[in-house]
Every structure is written in structure tokens, then in C-alpha cells.
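Since the structure comes first, as C-alpha cells, the remarks are kept for the end.
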Amino acid sequence: MEFKDTVRSRRMVRRYLTTAVEIDVIERILEAGRRAPSAGNARGTHFVVVTDPADRQAIARCADEEAWVDRGKPAWLSAAPVHIVVATMPHAYRDRYAAIDKAGSAAVDDAGRWPVPWWWVDAGAALMALLLAAVEEGLAAGFLGGHAFDGLDDVIGLPPRAELVGLVTVGHPHPDDRPTGSGLEGPAPTNEVVHYERWDAR
């Protein structure tokens, strides 16, 4: 599949077959995430892979999947054969940019603040790499933000200094899957989000 086709094919999928995904396929998807950009090569993005059915059920309970099903939607998290939890370690960036070779870096202002918390940027880049790699493998993927989980840290043993970004589900798409969301179809029109030379209000 050409890259342009991979990008065009990607969408958030929330319904899967229970068919297992081969470990070598999972490893190739993770390799894409591992090779995503890392500010200062801080290497602060981490992944926790969960395939055990009981553990996936526990994760689904953390997101109150029962309420999702009660709204008439098919089970999502518990059915997806692969969970990839994405987490970030902000201290890895603070430590890296405190190093001598990063002295005076514009990443941190004079008051020691981070105008852009690059750990979130890197985690987003890794997330997109995972989503595209899944499509490249002929699979589907979805994402649920960390805000939706209660108790997930304990289920997967997330260390105290790690911050949860969210969970990527990976698997074979169910033939009856349909997009669920705002009702808006496709990406924003080019003329609404792409600006050349200047961004002038219209």
C-alpha cells in the first residue's frame, strides 16, 4: 500500500473481530511507534501491550464499557484483540533538556516553563505512527483518550512518574463496523485548514 493510500484509509475503528493478531505484526506496529520523533531524543514515550483476554476485560471495565454497550453500541475494548497503552514520561524531557548540550535551548523559557510540552507532541506523533502502521498491516485501529479511564494505572502497573495518554485498539475490523462520532464525514476541507503565507480570518 502506498503511503497516500494508508493515510486515506485510516479512520477510528471501534468494532473488531475477535481474531488474534500475530505477534510479529504487533511488533512491526510497535516499531513504527518507537521510531516516531522524540524531542532531544528524550525517548519519553512508552507502550504497554495487552493481549490477555482477562486483562483486556479489566481495561474495558476501567473505561465503563458497560455504559457504552447500554447505549446500544457493540463492545469495543473487550473485543479488540490488542491494546496498546501509550504513556509519556515528562521527567525524561526535563532531564534531557537539563543536560549541558541543551543549555539555553528554546524548549524551556527563562522562568523554566515549557511553552510547548514536547512529551505530548512526541506521544501524538507515536500515536499516529501506530494508527498508520496498523492500516499498513491490513488491520484497523481506534483510540480512546486517557481521560476516559479510571484505575487503568493499577491494571497495567503504570509507574508514578508516567502520564497516561490513552489506549490504541488494534485488530481485524468487524464487517458491520460503522463510523461513530460527530456525524461529520471525512477531514476538514482543505480551504478551511490550510493557509499559505498568512492565516487571515475570513
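For the reader, a short list of remarks on this structure follows.
- Condition check for residue 171: open to solvent by less than 30 Å² (accessible area, probe 1.4 Å) and without any contact (Cβ under 8 Å) to a residue 40 or more places away in the chain: no
- Residue tally, condition closer than 19 Å to residue 174 by Cβ, touching a His at 6+ places or on another chain (Cβ under 8 Å) and crowded, with 16+ Cβ neighbours inside 10 Å, over region 14-56: 5
Results for (1) over 20 Å from residue 177 (Cβ atoms); (2) without any contact (Cβ under 8 Å) to a residue 40 or more places away in the chain, shown as yes or no for each residue.
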site	(1), (2)
40	yes, no
44	yes, no
49	yes, yes
56	no, yes
72	no, yes
77	no, no
84	no, no
93	yes, no
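- For residue 98, the conditions (1) at pLDDT below 95; (2) under 17 Å from the mean Cα position of the chain (by Cα); (3) surrounded by fewer than 16 Cβ atoms within 10 Å (Cβ to Cβ) are fulfilled apart from (2).
- For residue 200, the requirement of being out of contact with any Gly (no Cβ under 7 Å at 6 or more places or on another chain), outside any loop (DSSP other than H, G, I, E, B) and open to solvent by 60 Å² or more (accessible area, probe 1.4 Å) is not met.
- Top-ranked residue of region 10-26 - restricted to ones that are assigned to a helix (DSSP H, G or I) and touching a strand residue (DSSP E or B) at 6+ places or on another chain (Cβ under 9 Å), ranked as nearest to residue 128 (Cα to Cα): 26
- Note on region 112-165: residues that are open to solvent by less than 50 Å² (accessible area, probe 1.4 Å), in a helix (DSSP H, G or I) and free of Cβ contacts under 8 Å to residues at least 60 places away in the same chain amount to 2.
The values are calculated or read from the model by the stated rules, or taken from the named source; none is laboratory data. As the structure is a prediction and not an experimental result, all values here were calculated from the model. Neighbour counts run over all protein chains shown; Cβ positions are idealised from the backbone, glycine included. These accessible areas exclude ligands, DNA and RNA; they are computed on the full protein's heavy atoms, side chains included. Shrake-Rupley method; radii C 1.70, N 1.55, O 1.52, S 1.80 Å.
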